[in-house]
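Notes to accompany the following structure.
The values are calculated or read from the model by the stated rules, or taken from the named source; none is laboratory data. Quantities reported herein were computed from a predicted structural model and do not represent experimental measurements. Here the Cβ positions follow ideal geometry from the backbone for every residue, glycine too, while neighbour counts run over all protein chains shown. Calculation scope for accessible area: heavy atoms of the full protein, side chains included, ligands and nucleic acids excluded. Shrake-Rupley method; radii C 1.70, N 1.55, O 1.52, S 1.80 Å.
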Amino acid sequence: MKKMIVLLGPPGSGKGTQGEKLSQDFGYIRMSTGDMLREAARNGTPLGLKAKEYMDSGALVPNDLIINLMKEKIASLGDVTGVIFDGFPRTVEQADALGEQIEVDLALNLDVEDSELVNRLTRRRSCPQCNAVYHLDYNPPAKTGVCDKCGSELYQRSDDTEETVVNRLSVYRANTMPLIEYYEKRGRLQTVQGIGSIDEIFDKVKKAVR
Ligand code: AP5
């Protein structure tokens with residue numbers, strides 16, 4: 001069983017959705033840099049306020065901020081059965097820094113075409129409390145606007161507008177796509193087609209992890 005798993009894939013490819021299911025099924029810790037940064041921004045911490053400037057435009061937060069944050073988080077993990085990295089690394093510099101701390105067993109790349117990504121992101125609704133995600137058509141909450149899991153009011157992320165999504169996709173191509181080759185060269189890459197129902201994709205994801 002692979003224990004240190006990096007989730008790769010463009011914005012909206014389903015990293016959070018599949019990462020959460022993996023975490024529940026395997027008991028692994030899921031570490032989402034996006035969730036961490038949004039929480040820091042909501043709490044008004046210096047890191048959160050700085051990160052928000054970048055996130056709102058769809059740009060990446062500078063490497064040094066993210067690498068320092070993740071170094072601390074990984075160092076304080078303690079005795080865990082496995083970790084799912086969701087949204088980290090996102091640049092070669094981040095991947096090198098991660099490789100100095102742990103050995104990655106699997107880089108799981110979710111492959112989804114752009115037109116589907118725009119639809120998924122602009123119609124996504126998120127929970128500010130427990131970070132659950134929904135889609136207005138494919139995966140709606142039982143009660144409109146309310147999180148099934150914790151009852152909080154759902155919101156639309158400020159970076160889920162069409163204009164910012166288009167920018168996030170080009171930032172992904174320039175900075176994060178090279179990680180596909182990075183992990184392929186190291187014999188760690190598996191690609192899963194991310195189109196189909198959430199459960200169909202999860203079956204393929206589980207096979208890759210085993
Ligand atoms: P982050 O929060 O990591 O965003 P992202 O990578 O752009 O990914 P998303 O959360 O948008 O999508 P996802 O792939 O998790 O898809 P999801 O499962 O939600 O990062 C946000 C920002 O933070 C970055 O832009 C950057 O500024 C900063 N940041 C974070 N990490 C950083 C780092 N390491 N370095 C620098 N900056 C960093 O699914 C999307 C939607 O589709 C949902 O509505 C879902 O319900 C739906 N869906 C999922 N699967 C399916 C399916 N099979 N069929 C139909 N719909 C589906």
For Lys73, solvent-accessible area (1.4 Å; no DNA, RNA or ligand), Å²
80 Å²
For region 84-164, run through the trypsin sites (Lys or Arg not before Pro) and keep only the ones in DSSP coil with at most 15 other Cβ atoms within 10 Å of their Cβ.
Lys143, Lys149
Based on Cα positions only, what radius of gyration and what Dmax would you give for the chain, in angstroms?
16.2, 46
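Starting from the residue with the highest accessible area, list Ser23, Ser197, Ser115 in decreasing order, probe 1.4 Å.
Largest accessible area first, the residues go Ser115, Ser197, Ser23.
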Proximal lysines to Lys50, defined as alpha-carbon separation beneath 29 angstrom and excluding residues fewer than eight positions away on the same chain:
Lys15, Lys71, Lys73
Using a 1.4 angstrom probe, figure out how much accessible area region 96-210 has per residue, in square angstrom, rounded to the nearest whole.
56 Å²
Given the candidates Ile66, Thr144, Thr91, the one whose Cα lies deepest towards the positive end of the charge dipole of the chain, counting +1 at each Lys or Arg C-beta and -1 at each Asp or Glu C-beta, is Thr144
Divide by every residue of the chain the summed helix terms, -39500 (n - 2.57) for each DSSP H run of at least 4, and state the resulting mean residue ellipticity at 222 nm, rounded to the nearest 500 deg cm²/dmol.
-13500 deg cm²/dmol
Considering only protein heavy atoms, with the full assembly of protein chains and a 1.4 angstrom probe, order Ser126, Ser170 by accessible area, largest first.
Ser170, Ser126
Roughly how many Å is it from the Cα centre of region 33-64 to that of region 113-142, as a whole number?
20 Å
Grab every C-alpha pair in region 17-141, bin the distances at 5 angstrom width from 0 up to the longest one, and report whole percents.
2, 8, 17, 21, 23, 18, 9, 2, 0
Restricting to DSSP loop positions (anything but H, G, I, E, B) with no more than 13 other Cβ atoms inside 10 Å of their own Cβ, which GluC sites (Glu not before Pro) remain in region 108-161?
Glu113
Inter-label distance, nm, simple model (7 Å from Cα along the C-beta direction), Asp35/Lys185:
3.2 nm
